[in-house]
Amino acid sequence: MISDLFSTTVIIGIISSGIRLATPYLYASLGETFSQRSGVLNLGVEGQMLMGAFAAFYVALKFGSLWGGVLAAILVGAVFGLAMAFVSNNLHAAQGISGIGFYLFGLGMSNLLFQKMIGTVETVQGFPKIYIPFLSDIPGIGEIFFSHNILVYIAFFLVPVAWFVLNKTTLGLKIRAVGENPDAADSLGVSVIRVRYFTVIFGGVMSALGGASLSIALLNVFQQNMTSGLGFIAVALVYFGGWRPWGILGGALLFSMVNSLQLWIQVLGIPIPSEIALMMPYILTILVLVVSTSKVRGPSALSKPFERGD
Amino acid sequence: MKSRLSSLLDAFLPVLATLAALLVGAIMLLLLKANPLVAYKALWDGAFGSTNAVAETLVKATPFLLVGLGICISFRANVMNVGGEGQMIIGAIFATWVGLNVKGMPGWVLITLAMLAGVLGGGIWGGIPGILKAYFNVNEILSTIMMNAIAVQLMNYLLRGPMIDPAQAKAASQIPQTARLEEIYRLPRLVPTRLHFGALIAVILAILVYVLLWRTTLGFRIRAVGENPDAAKYGGIKVQRYVVIALLLGGAFAGLAGATQVFGVNYRIITDGSSTGFTGNAGFNGIVAALFGQLHPLLTIPASIFFGGLLVGANTMQRMVQVPSALITALNGLVVIFVVSSEIWRKKRQRRREVVALQINEPPETQAKSKETGA
Amino acid sequence: MKKPYVVLIGLLVLSLMFSSCATAATEEPAAAAEAAQVEEAAEEAEVAPMEEAAEPFRVAVVMPSAINDVAFSQSMYEALLFVQEKMGGADAFDFVYSENMFVVDDAAAAIRDYATQGYDLVIAHGSQYGSSLQEIAPDFPDTSFAWGTTVDTFGIPNIFAYEAASQEGGYVNGVIAASLSTSKKIGVIGPIETGDAKLYVDGFKVGAEATDPAIEVSVNWTGSFSDVALASEAATTHIANGADVLTGSAQMVVGAIGKAQESDVLWFGTQANQTSLAPSIVVASQVYHWEGVLQEMIGLINAGTLGGQSFTLTLANGGEVIEFNPDYALPDDVKALADSTVQGIIDGTITITLPAAE
């Protein structure tokens, strides 16, 4: 039975579902990378994802517009990001804890709005798979790489973009400077607060898009607490990736593919308890970090509010 | 005179912030066609309105305080332990195993053993991320989040397999729960309510943690590692060892919280598949309580009671006014955000007081100097 | 000094924004249940002038998930609405609920509080609440309690127990599923391997294998009741493995149903009628009708028996009904087989032997 795991169907299945499962993580983790790189720890990712998922789903359901849904998610994510940025930049609130506050608020609010504005579980016609002539027909490769919907592709496309912005642009330089040494950045005329507003709002938008990728592209349904911990895993993946977009891509794919592997282990009836199978992605993620010898250090000013001349 | 007023203001700041959050909540209640005054009366009555209500609040606060004490220690060492949920579960499993399998002992001996087992279980589950952080450079936020998920699956496995209630193993329903603890093995109750001995243990431990952190070398070193690891290293402190100790202690307290939940409240472990069903989110609420208590073990006591009361009262409010539970969750979030945001005014006043004190105490030269470097 | 106002106003605006959306929606008739709820709250507020009418029968229920979960909690909520209507509205039958009480400890507090408030019947709708009930019920000998799903009343005279023989509907679903599958592979998605879900899944397997010994039923447990994304990917995995019929239990299966619809794979539901989620591929759902049990319990309570009995929803007593999707063209022979299977279970000619417990 174990040998069944090495059939082409299974390997193709694992990779392609790994790509799908990784999508929401990518959005949320990349966004969180930006805010952490600038020194703001946002633990409210899960709440932002839920709000984004709801906003996108609502617009898609009531107005039939998927791109309208994406826009709604972006707006809601931005509003949440703005609130988080205000609380952490202007009010210097302890970031871990205010993040938990935003998580709870998003968890409750998305469910409340769901109950009042939709009422019952419904489904929408989400973003369809994109069929690319010829490419999608290649056996194996076609299913792995060319059978996904647009939000999946955008997520993966954003990885190099995020890398480029962080490492090759002035904006990226400012973000990193603000996260490493805000006082120095400030003395060089970089507005620490403005940069952090930008990154935290961007983080909110990305988390909300991650939620939208679930509700109108991958699952096409909204249900209370539908992310069930995804947002926290996304935060963990930022650490796994060492605050670098490519590392995050690796982490998201590893976690998702092992998750999909455990699904196959169960489906093929390999006799191990389901709970042990379910533990695999979590254990392996830790193990990979243990054996990899990378010594990345986080942004020095992470979760420290900035006060000029302090 | 002025400073007393000011410190009074400090004490009431969280209360004012909570009121502000409830004001926002009132608007939401109005929109849901519920009377906010009736709703908030229900909240208050549910939390503090009667002996039973106060007892329920304290029962709820107990695991928050225990987890929070561990958080005080680990966060002071600058270690972000978000693994309270998993540590509680493992502590509960260890303690329950002792409670169900060790026989022929006086009740109090067994309870003590079980509590220690809980401490051990939680300590192991916290110690692993500690070792991973200290010696393998694995970020503790990542490892503790992952360890939470692993603990949940482990619990689910044990409760439907090796540790399932023998009665349920035979029944068709197969409810995933352990057998019930015998009556002599339960934590005694303090008053004729659900308030149990665990609450008292938690308060005593809060004092002990205070002593540990500020009156012992161990505590000094833990804080030194947290404040400036490089300086601590320079001063001859083995930083890695204290990182492990900080997480281990954090886990141990959470494990004890899990153990007291079983021996004082539920008398068995039941799973609904998630961690929340058993822990009531205490692993996270404990962090909130500790941070509200400014990572001070004694201030964590009122902070835990405040949060316990809020959650107990909110559930009463759901029952009395029939507002959706989702509103309650959102409202809790608002309270957290508002209270944590209000901190800035306390800090500002504190700084102003310090500046005033400086000006009074210091000779004119340094005064001038401090003006220069200050705001 | 200005700053506090800025914060307040900022957050006020934020919450106003969201809540104004909420009002817009409440005006729509969509949330009928909600309307009922609001009326009820209003009713409660003005309870004083109703002296002349007979005291309504008052029920309180504690549920682990949301009343609109299209699964376990919704089945009870709908039953309560049904009984309320049957008994003549809120004047005769008044009920309140606490939903999403997944924290066992909070549920215990709610149960105790309802009992203190003098409800005639307090229902703990989740097997994880039994332990709490065992503590609480003896303190309120004049209040009747009920819990499920189980048969265990702990020998306490004021506790009723109820359960659903979900293996029966599972068996029927399995029979139909095996008849419709051409790939001979069927996928099942469950939460954790216990309780009602396990009964259903075991029954389903036995039914499918009895119909066609060559059929391959593989089960995927997601370890969670709420992880929609994992349930959805589990469905995709089953489909990739060649399954052409799927079923599953718990509220997270809404994700799986979507995948089934996308790939045009058949779906069988349980607990509540799931046809509305995917009208083109849902063949049938086993639906729990708790109203019969509720009415029986109410009758007993009014006659002075407060508990000590247990009830089982079965196909025979009408507590379980296989509801077919009228839009799905089920072949006549399969429909006939389904009906005869139901009949067989009812009259006892078909007995379901579940695999022995571990």
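The values are calculated or read from the model by the stated rules, or taken from the named source; none is laboratory data. These numbers come from a predicted model, not from an experiment. Cβ atoms come from the backbone with ideal geometry, glycine included; neighbour counts cover every protein chain shown.
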Exercise. So C:LEU306 clears everything in (1) farther than 22 Å from C:ASP196 by Cα; (2) surrounded by fewer than 21 Cβ atoms within 10 Å (Cβ to Cβ); (3) outside the structural domain of C:ILE257 (by TED's automatic domain parsing) except one condition, right? Which one?
Worked result: (2)
Exercise. Does at least one position in the range C:70-93 carry a residue that is facing chain B (nearest Cβ under 10 Å), out of contact with any helix residue (DSSP H, G or I) (no Cβ under 6 Å at 6 or more places or on another chain) and under 19 Å from C:PHE160 (Cα atoms)?
Worked result: no
Exercise. Is it true that some residue in the range B:82-92 is assigned to a loop (DSSP other than H, G, I, E, B), in contact (Cβ under 8 Å) with a residue 12 or more places away in the chain and not small (Gly, Ala, Ser)?
Worked result: yes
Exercise. When only residues in the range B:286-302 that are at pLDDT 90 or above and surrounded by 24 or more Cβ atoms within 10 Å (Cβ to Cβ) count, which is farthest from the other protein chains (Cβ to nearest Cβ)?
Worked result: B:PRO297
Problem set entry | All strands (runs of 3 or more DSSP E) inside the range C:93-190 with 3 or more residues being crowded, with 24+ Cβ neighbours inside 10 Å | C:121-125, C:144-148, C:159-164, C:185-190
Exercise. Within the range A:215-249, which residues are within 20 Å of A:VAL288 (Cα to Cα), more than 13 Å from the chain's Cα centre (by Cα), small (Gly, Ala, Ser) and assigned to a helix (DSSP H, G or I)?
Worked result: A:GLY247
Exercise. For the range B:331-347, does any single residue satisfy the condition of being within 17 Å of C:ILE67 (Cα to Cα) and either more than 8 Å from chain A (Cβ to nearest Cβ) or assigned to a helix (DSSP H, G or I) (or both)?
Worked result: no
For this session: Evaluate the following for B:LEU291: is it of a type outside the set (Ser, Thr, Tyr), out of contact with any helix residue (DSSP H, G or I) (no Cβ under 6 Å at 6 or more places or on another chain) and in a helix (DSSP H, G or I)?
Result: no
Exercise. In the range C:292-325, how many are in contact (Cβ under 8 Å) with a residue 40 or more places away in the chain and in a loop (DSSP other than H, G, I, E, B)?
Worked result: 8
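Yes/no matrix, rows are residues, columns are (1) surrounded by fewer than 16 Cβ atoms within 10 Å (Cβ to Cβ); (2) within 12 Å of another protein chain (Cβ to nearest Cβ); (3) polar (S, T, N, Q):
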{"residue": "A:LEU82", "(1), (2), (3)": "no, yes, no"}
{"residue": "A:ILE100", "(1), (2), (3)": "no, yes, no"}
{"residue": "A:GLY106", "(1), (2), (3)": "no, yes, no"}
{"residue": "A:PRO128", "(1), (2), (3)": "yes, yes, no"}
{"residue": "A:ILE150", "(1), (2), (3)": "no, no, no"}
{"residue": "A:TRP163", "(1), (2), (3)": "no, no, no"}
{"residue": "A:GLY172", "(1), (2), (3)": "no, no, no"}
{"residue": "A:ARG176", "(1), (2), (3)": "no, no, no"}
{"residue": "A:ASN181", "(1), (2), (3)": "no, no, yes"}
For this session: Note down all Cβ pairs under 8 Å where the first residue falls in the range B:159-176 and is β-branched (Val, Ile, Thr), the second is assigned to a loop (DSSP other than H, G, I, E, B), and they're at least six residues apart or on different chains.
Result: B:ILE164/B:GLN174; B:ILE164/B:PRO176; B:ILE164/B:THR178; B:ILE175/B:ASP165; B:ILE175/C:THR150; B:ILE175/C:THR194
Problem set entry | Selected residue [in the same structural domain as C:VAL334 (by TED's automatic domain parsing) and either at pLDDT 95 or above or touching a strand residue (DSSP E or B) at 6+ places or on another chain (Cβ under 8 Å) (or both)] from C:ALA210, C:ALA260 | C:ALA260
Seminar exercise, completed: Expected output for the range C:265-278 (first residue on the phi > 0 side of the Ramachandran plot, partner not small (Gly, Ala, Ser), Cβ below 7 Å, 6+ apart or cross-chain) is C:GLN271/C:PHE72; C:GLN271/C:TYR288
For this session: State all residues of the range A:262-275 that are without any contact (Cβ under 8 Å) to a residue 24 or more places away in the chain and either within 11 Å of the chain's Cα centre (by Cα) or within 14 Å of chain B (Cβ to nearest Cβ) (or both); if no residue qualifies, say none.
Result: A:GLN262, A:GLN266, A:ILE272, A:PRO273, A:SER274, A:GLU275
For this session: Answer yes or no as to whether C:VAL206 is under 16 Å from C:ILE322 (Cα atoms), more than 18 Å from the chain's Cα centre (by Cα) and either of a type in the set (Phe, Trp, Tyr) or outside any strand (DSSP E or B) (or both).
Result: no
Seminar exercise, completed: Those residues of the range C:237-257 that are at the interface with chain A (Cβ under 9 Å from one of its Cβ atoms) and buried (at least 24 other Cβ atoms within 10 Å of the Cβ) come to a total of 8
Seminar exercise, completed: Only one of (1) crowded, with 24+ Cβ neighbours inside 10 Å; (2) in a helix (DSSP H, G or I) does not apply to B:ARG221, and that is (1)
Exercise. Does the range B:277-309 hold any residues that are within 30 Å of B:LEU159 (Cβ to Cβ) and either in contact with a Gly (Cβ under 8 Å, 6 or more places away or on another chain) or of a type in the set (A, V, I, L, M, F, W, C) (or both), and which are they?
Worked result: B:PHE278, B:THR279, B:ALA282, B:GLY283, B:PHE284, B:GLY286, B:ILE287, B:VAL288, B:ALA289, B:ALA290, B:SER304, B:PHE307
Exercise. So which residues in the range B:308-327 are part of a helix (DSSP H, G or I) and either among the hydroxyl-bearing types (Ser, Thr, Tyr) or more than 7 Å from every other protein chain (Cβ to nearest Cβ) (or both)?
Worked result: B:GLY308, B:GLY309, B:LEU310, B:LEU311, B:GLY313, B:ALA314, B:THR316, B:MET317, B:MET320, B:SER325
Problem set entry | Evaluation of A:ASN259 against (1) touching a strand residue (DSSP E or B) at 6+ places or on another chain (Cβ under 6 Å); (2) surrounded by 24 or more Cβ atoms within 10 Å (Cβ to Cβ); (3) within 13 Å of chain B (Cβ to nearest Cβ) (one fails), failing number | (1)
Seminar exercise, completed: Within the range A:109-141, the residues that are in a loop (DSSP other than H, G, I, E, B) and without any contact (Cβ under 8 Å) to a residue 24 or more places away in the chain are A:GLY119, A:THR120, A:PRO128, A:ILE130, A:TYR131, A:ILE132, A:PRO133, A:PHE134, A:ILE138, A:PRO139
